[in-house]
1. What single numbered condition from (1) touching a residue at least 12 places away in the same chain (Cβ under 8 Å); (2) under 30 Å from residue 12 (Cα atoms); (3) open to solvent by 60 Å² or more (accessible area, probe 1.4 Å) fails to hold for residue 139?
2. Would you be able to tell me the number of residues in segment 142-161 that are in contact (Cβ under 8 Å) with a residue 40 or more places away in the chain and within 16 Å of residue 65 (Cα to Cα)?
3. If you go through segment 102-136 one residue at a time, how many are open to solvent by less than 50 Å² (accessible area, probe 1.4 Å) and under 20 Å from residue 17 (Cα atoms)?
4. Taking only segment 48-85 into account, find how many residues are more than 30 Å from residue 104 (Cβ to Cβ), in a helix (DSSP H, G or I) and open to solvent by 40 Å² or more (accessible area, probe 1.4 Å).
5. Give segment 5-42 a look and list any residue that's open to solvent by 40 Å² or more (accessible area, probe 1.4 Å) and among the basic types (Lys, Arg), or say none.
6. Since residue 45 meets every condition but one in (1) aliphatic (A, V, I, L, M); (2) touching a strand residue (DSSP E or B) at 6+ places or on another chain (Cβ under 8 Å); (3) surrounded by 16 or more Cβ atoms within 10 Å (Cβ to Cβ), which condition does it not meet?
7. What tally of residues in segment 137-161 results from selecting those that are under 14 Å from residue 80 (Cα atoms) and of a type in the set (S, T, N, Q)?
8. Give 54, 21 a once-over and let me know the one that is touching an Asp or Glu at 6+ places or on another chain (Cβ under 7 Å) and either touching a residue at least 40 places away in the same chain (Cβ under 8 Å) or under 23 Å from residue 71 (Cα atoms) (or both).
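The values are calculated or read from the model by the stated rules, or taken from the named source; none is laboratory data. All figures in this text were calculated on a predicted structure; none of them were measured in a lab. Glycine gets a Cβ as well: all are built from the backbone with ideal geometry, and neighbour counts include every protein chain shown. Only protein heavy atoms, including side chains, enter the accessible area calculation; ligands, DNA and RNA are left aside. Shrake-Rupley method; radii C 1.70, N 1.55, O 1.52, S 1.80 Å.
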Amino acid sequence: MNEETRLSQLAENMRFYGDMRFKQLTLFTGAMTVLGAGLTEHAHAMLTPVLSLRFALALTGLLVTSVFWVMEIRSSLFWVAIREELQGCQLWPRPRTRLWGWMNATNAILCLHAASYGFWLLCAHAWSIHQCAVLLCGMSWLVVLALFTILSYWPMWTHRE
């Protein structure tokens, strides 16, 4: 593969992962809208004698948020890897930020996922019969997501140009 073809393919891959991140955010927003609508429409319906619809929706919210959180991290890492590969050429220049480098789309979406997870965890905790078990499992999974995020993003967060 010659250099021009290689750069063209890298640029296509970068566009693909950029588009994918936007599409993931769109799907995540749609899923949260559907879950929220389910809460307002049938607030106190029971699926079984011990399982309320709102608790099931809260668990679904935790699951959906977790899945999209992991997908966002993985697609961000691929995007960053391709950007770093293109670092030496002028095909995709990086913007220069001095004071607000931490305020970017990646960190904003990470905060959105963390806030969504926190909301659904509080809802699941409030609406569960077994509140301690739900809180313990939910917080344990949050620690796993946080460690995955920190270990994945640490090189990107500490990289200085």
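1. Among (1) touching a residue at least 12 places away in the same chain (Cβ under 8 Å); (2) under 30 Å from residue 12 (Cα atoms); (3) open to solvent by 60 Å² or more (accessible area, probe 1.4 Å), residue 139 violates only (2).
2. Here the count works out to 3.
3. 5
4. The qualifying residues number 2.
5. If the condition is that a residue be open to solvent by 40 Å² or more (accessible area, probe 1.4 Å) and among the basic types (Lys, Arg), then 6, 15, 23 are the ones that fit.
6. For residue 45, the exception is condition (3).
7. Number of matching residues: 2.
8. Only one candidate passes the filter, namely 21.
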